[in-house]
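The values are calculated or read from the model by the stated rules, or taken from the named source; none is laboratory data. Bear in mind the structure is a predicted one, so any value in this text is a computation, not a measurement. Counting neighbours? That spans all protein chains shown, and the Cβs are built from the backbone with ideal geometry, glycine included. For the accessible areas, the whole protein counts, side chains as well, though only heavy atoms, and no ligand, DNA or RNA atoms are used. Shrake-Rupley method; radii C 1.70, N 1.55, O 1.52, S 1.80 Å.
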Amino acid sequence: MLKEKFDLTGKKAFVTGSARGIGRAIAAAFAEYGARVIVHGVKPSAPLEASLAEARSFNPACDAITGDLGDPAAVEAMFARLAEMDAMPDILVACASIQKNIHWSEFDAEEAHHEMEVNFHATLRMFQLAYPKMKEQGWGRLIVVGSVQEQRPHPEMCAYAATKSALENLVRNIARQVAREGITVNNLCPGAFATDRNAAALSNPVYREKVMNAIPMHDTGRPEDAAGAALLLASEAGRYITGTTIMVDGGLRLPG
Ligand SMILES: NC(=O)c1ccc[n+]([C@@H]2O[C@H](COP(=O)([O-])OP(=O)(O)OC[C@H]3O[C@@H](n4cnc5c(N)ncnc54)[C@H](OP(=O)(O)O)[C@@H]3O)[C@@H](O)[C@H]2O)c1
C-alpha cells in the first residue's frame with residue numbers, strides 16, 4: 001500500500017529552524033505522519049513553543065531543543081542532548097539558515113564566514129553526528145533545505161546563494177557514498193515563501209508585485225507547500241530518490 005510508505009511511526013526526526021516558517025510546517029507534517037519530532041530554534045521563544053505545541057497535537061512524544069548553529073560547541077551540545085533524550089535522528093532536516101542582503105562589492109568576509117558557518121559547516125557536522133546510527137541500522141534520511149538561489153541568485157545575497165550551492169554539492173557527494181547503506185541524501189529547494197524572514201520585504205506592495213511577477217504561478221509559497229516534498233524525501237515512499245534536488249518554487253527558477 002502506497003499510503004503506508006509515507007508513515008513515519010517509530011521514526012525520530014530532528015528539524016533545525018523549525019521554530020517558524022518552512023521548518024515548522026515540515027516538523028508538523030512529520031509528527032502528523034507519526035514521527036517523534038524534535039523541533040529547534042536558536043533559543044527558547046514563543047514561536048518555538050507554538051511549533052512544539054503543533055507537533056505535540058499530532059504526537060505527544062515530540063520535544064524541543066535550542067542552539068545557535070553558528071557556534072560549533074552548541075552543535076555538539078545539541079547532539080549530546082539528542083542522545084540523552086533517546087532522540088538521535090533517523091531523519092535529519094537541516095532547515096535553519098541565515099542570510100543578509102548586501103551588495104557583493106560591500107560584503108565583508110566576517111559576514112560571509114558566518115553564513116557559511118551556520119548554513120554549511122553546521123550542516124556537515126550534523127550529518128557526521130547523525131550518520132553512525134543511520135549506518136548501523138541501515139536506514140536514514142539526510143535532507144538539506146536549499147534555495148532557488150542555487151539556480152537564480154539574488155543580486156544582494158551572494159554569500160547566502162553560495163552556501164546553498166555548497167550544500168547542493170555536499171548532497172550529491174555524500175549521497176553516492178552512503179547509497180548502499182539505506183541512507184538517502186537530498187536537497188529541497190524553496191522559491192519565494194511568505195515566512196517571517198520575508199514579511200517586511202513582502203509588505204512593500206511594489207517589491208511584492210515584482211516578486212509575484214517573477215513567479216510563473218504568480219503566488220508566493222506557503223510553508224505547508226514544502227511539507228509534502230519533505231515527507232516524500234523522509235519516508236519509505238522516497239526510498240529510491242537520492243542525491244537530487246526537488247524544487248518547490250512555483251516555477252521561479254524557470255528562465256523567461
Ligand atoms: N522563505 C523563503 O522565501 C525561502 C526561500 C528559499 C529558501 N529558503 C530556505 O528555507 C529554510 C527555511 O526558511 P524560512 O523562511 O522558513 O525561515 P525563517 O522563517 O526565517 O526561520 C528560520 C529558522 O531558523 C532558525 N535559525 C536562524 N538562525 C539560526 C542559527 N544561527 N542557529 C540556529 N537556528 C537558527 C530560526 O530560529 P529562531 O526562530 O529561534 O530565530 C528559525 O526557526 C531556510 O534554509 C531558507 O534559507 C527560504
* For A13, indicate whether it is closer than 20 Å to A74 by Cα and either touching a Lys or Arg at 6+ places or on another chain (Cβ under 6 Å) or assigned to a strand (DSSP E or B) (or both). => yes
* Asked: Looking at (1) open to solvent by 50 Å² or more (accessible area, probe 1.4 Å); (2) within 11 Å of the ligand (Cβ to nearest atom); (3) among the aliphatic types (A, V, I, L, M), can you tell me which one A109 breaks?
  -> (2)
* Subset of segment 148-164 that is in a helix (DSSP H, G or I) and within 11 Å of the ligand (Cβ to nearest atom) - its residue that is nearest to F120 (Cα to Cα) -> T163
* When segment 64-79 is examined, which residues are found to be free of Cβ contacts under 8 Å to residues at least 40 places away in the same chain, more than 16 Å from the chain's Cα centre (by Cα) and open to solvent by 50 Å² or more (accessible area, probe 1.4 Å)? -> D71, A73, A77
* Hey, among A61, A73, which residue is in a helix (DSSP H, G or I) and hydrophobic (A, V, I, L, M, F, W, C)? -> A73
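This table checks each residue for (1) open to solvent by 50 Å² or more (accessible area, probe 1.4 Å); (2) within 11 Å of the ligand (Cβ to nearest atom); (3) free of Cβ contacts under 8 Å to residues at least 40 places away in the same chain.
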| position | (1), (2), (3) |
| --- | --- |
| M1 | yes, no, yes |
| D7 | yes, no, no |
| K12 | no, no, no |
| I22 | no, yes, no |
| E32 | yes, no, yes |
| I38 | no, no, no |
| L48 | no, yes, yes |
| A53 | yes, no, yes |
| S57 | yes, no, yes |
* Structure fact -> Apart from one, (1) out of contact with any helix residue (DSSP H, G or I) (no Cβ under 8 Å at 6 or more places or on another chain); (2) not in a loop (DSSP other than H, G, I, E, B) all hold for L254; the odd one out is (2)
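Would you please name the residue that is most open to solvent (accessible area, probe 1.4 Å), looking only at residues in segment 197-243 that are aliphatic (A, V, I, L, M) and in contact with a strand residue (DSSP E or B) (Cβ under 7 Å, 6 or more places away or on another chain)? Don't jump to the end; show me each part of the working.
Within segment 197-243, the first condition is being aliphatic (A, V, I, L, M), and the residues that meet it are 199-202, 206, 211-212, 214-215, 217, 226-227, 229-234, 237, 241.
Next cut, in contact with a strand residue (DSSP E or B) (Cβ under 7 Å, 6 or more places away or on another chain) only: 226, 229-230, 233-234, 241.
Numbers: A226: 0, A229: 19, A230: 1, L233: 1, A234: 0, I241: 46 Å².
Top of the filtered list is I241.
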